[in-house]
Amino acid sequence: QVQLVESGGGLVQPGGSLRLSCAASGKIFSMNSMGWYRQAPGKERELVASMTSRGTTNYADSVKGRFTIARDNDKNTVSLQMNSLKPEDTAVYYCSLRNSQWTPIPATIDYWGQGTQVTVSS
């Protein structure tokens with residue numbers, strides 16, 4: 001199985017920056033995707049940013065130009081640099097890992113970290 005450990009959350013003023021980090025351990029497939037989701041109270045969990053093992057990135061429209069995702073495939077780590085933070089960025093942020101395979105059968109397995117709180121407030 002896979003374990004994900006997040007760090008870097010906290011309280012920051014609007015316009016400030018935070019950097020989230022996540023380390024994965026366990027049975028991690030070579031074909032995978034790592035990323036960040038967030039969930040605010042009363043709202044559904046949404047994708048913030050992700051990056052596949054191929055290097056393909058995906059960002060939510062609301063964070064494009066402000067957030068940057070990076071990963072180290074060898075170390076199985078992923079980070080999220082968050083700049084120009086806004087109050088609407090306040091949420092619990094979850095690190096995610098999707099293991100994918102084509103053999104013996106096509107399949108994916110998703111894993112989640114415990115979440116880290118990000119609060120943007122003056």
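The values are calculated or read from the model by the stated rules, or taken from the named source; none is laboratory data. Only a predicted model underlies this, so the values are computations on that prediction, with no experimental measurement involved. In this analysis, Cβ positions are derived from the backbone assuming ideal geometry, glycine residues included, and neighbour counts consider all displayed protein chains. For accessibility, only protein heavy atoms count, side chains too; no ligands or nucleic acids. Shrake-Rupley method; radii C 1.70, N 1.55, O 1.52, S 1.80 Å.
Pairing residues of region 95-122 that are closer than 18 Å to SER50 by Cβ and without any contact (Cβ under 8 Å) to a residue 12 or more places away in the chain with residues that are open to solvent by 80 Å² or more (accessible area, probe 1.4 Å) and not hydroxyl-bearing (Ser, Thr, Tyr), at Cβ distances under 6 Å and at least 6 apart in sequence or on separate chains, gives THR108/ARG98. Residue-level check: of (1) assigned to a loop (DSSP other than H, G, I, E, B); (2) at negative phi; (3) touching a residue at least 24 places away in the same chain (Cβ under 8 Å), GLY15 misses just (2).
So, in region 1-41, of the ones that are among the β-branched types (Val, Ile, Thr) and over 12 Å from the mean Cα position of the chain (by Cα), which residue ends up most open to solvent (accessible area, probe 1.4 Å)? That would be ILE28.
Under the condition of being among the polar types (S, T, N, Q) and assigned to a strand (DSSP E or B), which residue from region 78-108 is farthest from GLY42 (Cα to Cα)? So, considering only residues that are among the polar types (S, T, N, Q) and assigned to a strand (DSSP E or B), the one farthest from GLY42 (Cα to Cα) is GLN101. Of all the criteria given as (1) more than 21 Å from TYR111 (Cα to Cα); (2) open to solvent by 30 Å² or more (accessible area, probe 1.4 Å); (3) among the acidic types (Asp, Glu), the one not satisfied by GLU44 is (1).
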